[in-house]
Amino acid sequence: FRFVIKGSLAGAAVYVAYDQGLLGSGTQGAEALRKAQAALPPAIQEWTSYIGWELPATPKFDFSPSDSWNKGVQTVMSALSVAPTRACEYTVEGWKYMK
């Protein structure tokens, strides 16, 4: 019974992520983030006023997931492209040290 409940919740989470465009391209993910940034603060404000809590103002972020993703991919590819050369250099240094 637990497996069915957990599987249903996981399936629902994947469906919502797919429906909102989070599993698509970087531009679709950035658009989903913009929609969330526009929708969440009013929803949280309404919820806190309903409960009676008061939260501090949310900080503003200037963050682009697609730019960060691209920078990460470029960094990884750069490291992979120099890996054989670095491995040879470290091997030569190791042999010199062992001699």
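So how do 19, 62 rank on accessible area, 1.4 Å probe, biggest first, that is with the largest at the start? Before the final figure, lay out the partial values.
Numbers: 19 95, 62 165 Å².
Of 19, 62, the descending order of accessible area is 62, 19.
Explain nothing, just the number: dipole magnitude of the chain about its Cα centre with +1 on each Lys and Arg Cβ and -1 on each Asp and Glu Cβ, in debye rounded to the nearest 20. Can you show the working numbers first?
Details: 9 positive and 8 negative charges, 90 e Å.
The calculated dipole for the chain is roughly 440 debye.
Which percent of the accessible heavy-atom area of the chain goes to carbon and sulfur, probe 1.4 angstrom?
Details: 5970 of 9110 Å².
After summing per-atom areas, the C and S share lands at 66 percent.
Kirkwood hydrodynamic radius for the range 1-64: how many Å is it when counted over pairs of different Cα atoms?
Values: mean 1/r = 0.0702 Å⁻¹.
One decimal place: 14.3 Å for the Kirkwood radius.
Treating the angle as unsigned and between 0 and 90°, give the value, to the nearest 10°, between the Cα long axis of helix 65-98 and the longest Cα principal axis of the chain.
Approximately 30 degrees, to the nearest 10.
What percent does the relative contact order of the chain come to when contacts are Cα pairs within less than 8 Å and at least six residues apart? Don't skip to the end; give the middle numbers.
Working: 22 pairs, mean separation 20.4, N = 99.
Worked out over the chain, it gives 21 percent.
How tilted is helix 26-51 with respect to the longest principal axis of the chain? Cα atoms for both, answer in degrees (0 to 90, nearest 10).
40 degrees
Any idea which of 61, 26, 51 is furthest toward the positive side of the dipole for the chain, if Lys and Arg beta-carbons carry +1 and Asp and Glu beta-carbons -1?
Going by the charge dipole, the pick is 26.
For the range 7-16, in order, what is each residue's ³J(HN,Hα) by Karplus, 6.51 cos²θ - 1.76 cosθ + 1.60 with θ = phi - 60°, in whole Hz (x at glycine and Pro)?
x, 5, 5, 5, x, 5, 5, 5, 4, 5
Please list, by residue number, every one of the trypsin sites (Lys or Arg not before Pro) in the range 1-67 that is coil in DSSP and has at most 12 other beta-carbon atoms within 10 Å. Kindly include the intermediate steps, with their values, before the conclusion.
Values: sites: 2, 6, 34, 35, 60; in loops: 60.
Answer in residue order: 60.
Multiply the residue gap between residue 61 and residue 8 by 0.36 nm, knock off their C-alpha separation, and tell me the result in nm, one decimal place. The partial results should precede the final answer.
Working: separation 53, 0.36 × 53 = 19.08 nm, distance 3.33 nm.
The residue 61-residue 8 span can extend by a further 15.7 nm.
The values are calculated or read from the model by the stated rules, or taken from the named source; none is laboratory data. Model, not experiment: these values are computed from the prediction. In this analysis, Cβ positions are derived from the backbone assuming ideal geometry, glycine residues included, and neighbour counts consider all displayed protein chains. Areas reflect the complete protein model, heavy atoms only, side chains present, ligands, DNA and RNA absent. Shrake-Rupley method; radii C 1.70, N 1.55, O 1.52, S 1.80 Å.
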